[in-house]
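The values are calculated or read from the model by the stated rules, or taken from the named source; none is laboratory data. Just so you know, these numbers come straight off a predicted model, no measurement behind them. So basically every Cβ, Gly included, is an ideal-geometry build from the backbone, and we count neighbours across all protein chains shown. All accessible areas refer to the heavy atoms of the entire protein, side chains included, with ligands and DNA or RNA removed. Shrake-Rupley method; radii C 1.70, N 1.55, O 1.52, S 1.80 Å.
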Amino acid sequence: MTIPTRTLGALAVGAQGLGCMGMSQGYGTGDQDESIATIHRALELGVTLLDTANVYGAGANEELVGKAIKGRRDQVVLATKFGIAGHTPDGPVVRGDAGYVRESVEASLRRLGVDHIDLYYQHRVDPDTPIEETIGAMAELVREGKVRHLGMSEAGAASIRRAAAVHPIAALQSEWSLWSRDIEAEILPTCRELGIGIVPFSPLGRGFLTGRLTADALGDGDMRAAMPRFAGDNFDRNRAIVAALESIAAKRGVTTGQLALAWVQAQGSDVVPIPGTKRRTYLDENVAAATIELSDADIAAVESAAPAEAFTGARYAPGMMRAVGK
């Protein structure tokens, strides 16, 4: 099985990408050998877009991805990010000044072991630096051949418009799934007007929408334990909604995760979700969803069972939420 291709702006990629963050942080201890095997398996299946960031594992994730793609560079559309320079109790430290852009790309190229990055994202918008300065510095990297295409992550509509006036933006990466639909009202129409592709991260609700997660499974090192949607009564209320999705998935002969992923993929030919996994077993399941076609009736049933307003709890703690949508 190989998956079809889609385009992000002018960038052609497999219709589903692979989020690599969890191989190095956020979801407990990773296994480097299995993570590398998972990346290799993804490439075999036609997944070309690999997503990482300089902040994941304090650089360790870029190093892991670089090791995995050595000798396979021509099979990969390599995406990484800059902009989160640290964390405080009040939220992330965000930088977008031109000097930091330059410093960040040089360090990422070294860790990845490559001479160019295919898709370079601003991870969060710096409210203290004009977006024109940040995108201008990123555009200079394109002119130098160090970067091929530019992207933004979790940006608001106004910032996206200002950025696109400086240089074409190929993709916006933001959280989008059945339980996180904030971008649909304003941000999604803005991107489509400007020809910007959409790269949904956490399209499985950080695993919640698979139905496999239990409240007592969030152990040490699992970032979800600090997220309101996974806490207390919110977990139980949200789990009841997923139970309704399980019934629909069973009738279709697919897993609940595949149903949730197929819903995201059905939102448009400009949508390339990047479900994250560090195991080949889950990768194969996720990639299979790229070829599941949902009818209008299927989509209506899914959205009726899991309406956006039914899920409870914010997707981040307050400090992290303050950096979203700038």
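Structure summary
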read-out	value
Three-way shape call for the stretch 196-253 based on the alpha-carbon gyration tensor, with the a/c threshold at 1.5	oblate
With all protein chains modelled, accessible area of Ser269 [1.4 Å, Å²]	90 Å²
Relative packing of peptides 72-82, 208-218 - highest average C-beta neighbours within 10 Å first	72-82, 208-218
Angle between the chain longest axis and helix 98-112 axis [Cα atoms, degrees, rounded to 10]	70 degrees
On Cα atoms only, tilt of 60-69 relative to the major axis of the chain in degrees	90 degrees
Rounded tilt (10° steps) of 296-305 against the dominant C-alpha axis of the chain	80 degrees
Rounded to 5, percent antiparallel among DSSP beta bridges of the stretch 53-142	50 percent
For the stretch 174-301, alpha-carbon Rg and Dmax in angstrom	14.8, 44
Kirkwood Rh (inverse of mean 1/r, distinct Cα pairs), the stretch 33-192, angstrom	16.3 Å
Magnitude of the charge dipole, the chain, Cβ model with Lys/Arg +1 and Asp/Glu -1, debye to 20	340 debye
Candidates Leu172, Leu294, Leu245: whichever shows maximal mean-square fluctuation once the chain is modelled as a Gaussian network with Cα springs under 10 Å	Leu294
DSSP-loop GluC sites (Glu not before Pro) across the stretch 178-212, with at most 15 other Cβ within 10 angstrom	Glu186
GNM flexibility winner over the chain from Asp118, Asp90, Asp126 (Cα, springs under 10 Å)	Asp90
His87 accessible area, 1.4 Å probe, all protein chains in place, Å² to nearest 10	120 Å²
For the chain, share of DSSP beta bridges that run antiparallel, in % to the nearest 5	30 percent
Partner lysines for Lys251 [C-alpha distance under 29 Å; skip if fewer than 8 residues away on the same chain]	Lys278
Proximal lysines to Lys146, defined as alpha-carbon separation beneath 16 angstrom and excluding residues fewer than eight positions away on the same chain	Lys81
For the chain: rounded, prolate or oblate by the Cα gyration tensor [a/c cutoff 1.5]	rounded
Three-way shape call for the stretch 257-326 based on the alpha-carbon gyration tensor, with the a/c threshold at 1.5	oblate
